[in-house]
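The values are calculated or read from the model by the stated rules, or taken from the named source; none is laboratory data. These figures come from a predicted structure and were not determined experimentally. All Cβ positions, glycine included, derive from the backbone under ideal geometry; neighbour counts span all protein chains shown.
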Amino acid sequence: MAAIYSGIHLKLKSPQTPWEDKLKLARFAWISSQCLLPNKEQVLLDWCTHALSLYYNKKVEFSQDFLESLWCYLDDVLHSRKLQSFLKQGKTITLKLNMPQVLESASQDVSLTLSFTIPMITSMTTLLRQGEGNITSSHHVSLVLGALQSVPLDHITPAVYQSAFLAVHETLFAIIQCHPQVMLNAAPSFLNVFYRLVASIVQEGRQRGDGDTDSDVYLQCSRLIERMYSHIATTAENFTALSAFMVAQYVTELQKVTLRPDVKLHLTEGIYLILDLCKEQDIRFLKAGLPMGVSEVFNELYGSYIHYHKAQRQGEDKYTV
């Protein structure tokens, strides 16, 4: 019976097969045990991402309904029990180059953020969570970090902003948790993406007056920033040399606005954890090297760090001893 369905791969590649029929064949091939297709999981994933890449590179035209169906198929595949079982058997899935390229292309159209860009990020995060054993090249993880640089975080509604912010954060979390070896070389790229989140929440979390009806959105995002600072601090060996750089970025953004107190609380608690990583020469560098207005913001931050956070931590350490 399986031999009857052995020509599906050729039909998926054939320009004579209508795209709607290709998608039906791909769905059938994924769910059917009677479909004879070597390396089926990788082949179908590659076919779907290649189709999306063709569309976003303007080499084919799809209707919006078909495009949405294609994204749904990709999401179904990546979240399926079948794929999870496949990976648990020790088999691998390769993250092809065109997945990050598709993300970059989709990110250029802000109107696609909620419907396409965020699902694509979620799909890549699902793959990244499988760990280093199932992503065969660290270069693929670096490509994902590069693609995240283009995800829109401004000129979008608060609801879309929250979804985009969470999607990027979860991808970073998957990388720092599941790909520690990548972080040995990719820490600067990782921090560049994270800095986009920090800069955006500083802007969005500024005081706006009494008419701010989206305060919960930005408060939740500020909590995610604090959470990520905490994870960065626990992998200090990858970030110690960059801790002063992270602090400098934060105070540079902070100097531009007046933050809401609730948002500032979480960001401050997070940056305190990075200050814990700074050595004396880092502090001297920050005090001497920052521009005048930014230096004042840093001095205020560092003073509160010494008075509240560091004193409390030393007290806790003494109590523990």
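Let me confirm something: among Asp154, Asp216, which residue is free of Cβ contacts under 8 Å to residues at least 24 places away in the same chain and at negative phi? Before you say what the answer is, go through the steps one by one.
On the way: Asp154 fails: free of Cβ contacts under 8 Å to residues at least 24 places away in the same chain.
Being free of Cβ contacts under 8 Å to residues at least 24 places away in the same chain and at negative phi holds for just one of Asp154, Asp216, which is Asp216.
With modelled with pLDDT of 95 or more, outside any loop (DSSP other than H, G, I, E, B) and among the aliphatic types (A, V, I, L, M) as the only criterion, which of Val217, Val247 stands out? I'd like the intermediate steps shown before the answer.
Working: Val217 fails: modelled with pLDDT of 95 or more.
Result: Val247 is the single residue among Val217, Val247 that is modelled with pLDDT of 95 or more, outside any loop (DSSP other than H, G, I, E, B) and among the aliphatic types (A, V, I, L, M).
Test Asp210 against the stated conditions and say whether it is surrounded by fewer than 16 Cβ atoms within 10 Å (Cβ to Cβ) and either farther than 23 Å from Thr171 by Cβ or modelled with pLDDT of 95 or more (or both). So that I can check it myself, show each step before the final result.
Working: surrounded by fewer than 16 Cβ atoms within 10 Å (Cβ to Cβ): yes; either farther than 23 Å from Thr171 by Cβ or modelled with pLDDT of 95 or more (or both): yes.
Considered against the rule, which asks whether it is surrounded by fewer than 16 Cβ atoms within 10 Å (Cβ to Cβ) and either farther than 23 Å from Thr171 by Cβ or modelled with pLDDT of 95 or more (or both), Asp210 comes out as yes.
Looking at Lys91, Lys11, Lys22, Lys82 in this structure, which one is basic (Lys, Arg), surrounded by fewer than 17 Cβ atoms within 10 Å (Cβ to Cβ) and farther than 24 Å from Arg129 by Cα? Explain how you work it out, then say what you get.
Details: Lys91 fails: farther than 24 Å from Arg129 by Cα; Lys22 fails: surrounded by fewer than 17 Cβ atoms within 10 Å (Cβ to Cβ); Lys82 fails: farther than 24 Å from Arg129 by Cα.
Unique residue meeting the criteria: Lys11.
Would you be able to say whether some residue in the range 111-118 is free of Cβ contacts under 8 Å to residues at least 12 places away in the same chain and either in a helix (DSSP H, G or I) or not small (Gly, Ala, Ser) (or both)?
Of all residues in the range 111-118, those free of Cβ contacts under 8 Å to residues at least 12 places away in the same chain come to 111-112.
Going one step further and asking which of them are either in a helix (DSSP H, G or I) or not small (Gly, Ala, Ser) (or both), we end up with 111-112.
Yes, the range 111-118 contains at least one residue that is free of Cβ contacts under 8 Å to residues at least 12 places away in the same chain and either in a helix (DSSP H, G or I) or not small (Gly, Ala, Ser) (or both).
Can you give me the number of residues within the range 138-180 that are more than 9 Å from the chain's Cα centre (by Cα) and of a type in the set (D, E, K, R)?
1
Please verify whether Ala159 is assigned to a helix (DSSP H, G or I) and either under 16 Å from Val198 (Cα atoms) or touching a helix residue (DSSP H, G or I) at 6+ places or on another chain (Cβ under 7 Å) (or both), treating the condition exactly as stated.
On the way: assigned to a helix (DSSP H, G or I): yes; either under 16 Å from Val198 (Cα atoms) or touching a helix residue (DSSP H, G or I) at 6+ places or on another chain (Cβ under 7 Å) (or both): no.
Judged against the criteria, Ala159 is not a match.
Here is a check on your reading of the model: is Ala288 more than 30 Å from Gln177 (Cβ to Cβ), hydrophobic (A, V, I, L, M, F, W, C) and at pLDDT below 95?
On the way: more than 30 Å from Gln177 (Cβ to Cβ): yes; hydrophobic (A, V, I, L, M, F, W, C): yes; at pLDDT below 95: yes.
Against the criterion (more than 30 Å from Gln177 (Cβ to Cβ), hydrophobic (A, V, I, L, M, F, W, C) and at pLDDT below 95), Ala288 qualifies.
Checking the conditions here, which among Ile175, Ile201 is assigned to a helix (DSSP H, G or I) and more than 21 Å from Phe298 (Cβ to Cβ)?
Details: Ile201 fails: more than 21 Å from Phe298 (Cβ to Cβ).
Selected residue: Ile175, the only one of Ile175, Ile201 that is assigned to a helix (DSSP H, G or I) and more than 21 Å from Phe298 (Cβ to Cβ).
Does the range 19-67 hold any residues that are of a type in the set (S, T, N, Q) and more than 15 Å from Gly7 (Cα to Cα), and which are they?
Of everything in the range 19-67, those that are of a type in the set (S, T, N, Q) and more than 15 Å from Gly7 (Cα to Cα) turn out to be Gln42, Thr49, Ser53, Asn57, Ser63, Gln64.
Looking at the range 290-304, can you tell me whether even one residue there is more than 24 Å from Ile201 (Cβ to Cβ) and surrounded by fewer than 18 Cβ atoms within 10 Å (Cβ to Cβ)? Let's see the steps before the verdict.
At the first step, the residues of the range 290-304 found to be more than 24 Å from Ile201 (Cβ to Cβ) are 292.
Subset that is surrounded by fewer than 18 Cβ atoms within 10 Å (Cβ to Cβ): 292.
Yes, because at least one residue in the range 290-304 is more than 24 Å from Ile201 (Cβ to Cβ) and surrounded by fewer than 18 Cβ atoms within 10 Å (Cβ to Cβ).
Restricting to the range 117-131, and then to whatever is touching a helix residue (DSSP H, G or I) at 6+ places or on another chain (Cβ under 6 Å) and over 16 Å from Leu166 (Cβ atoms), can you tell me which residue is modelled with the lowest pLDDT?
Gly131
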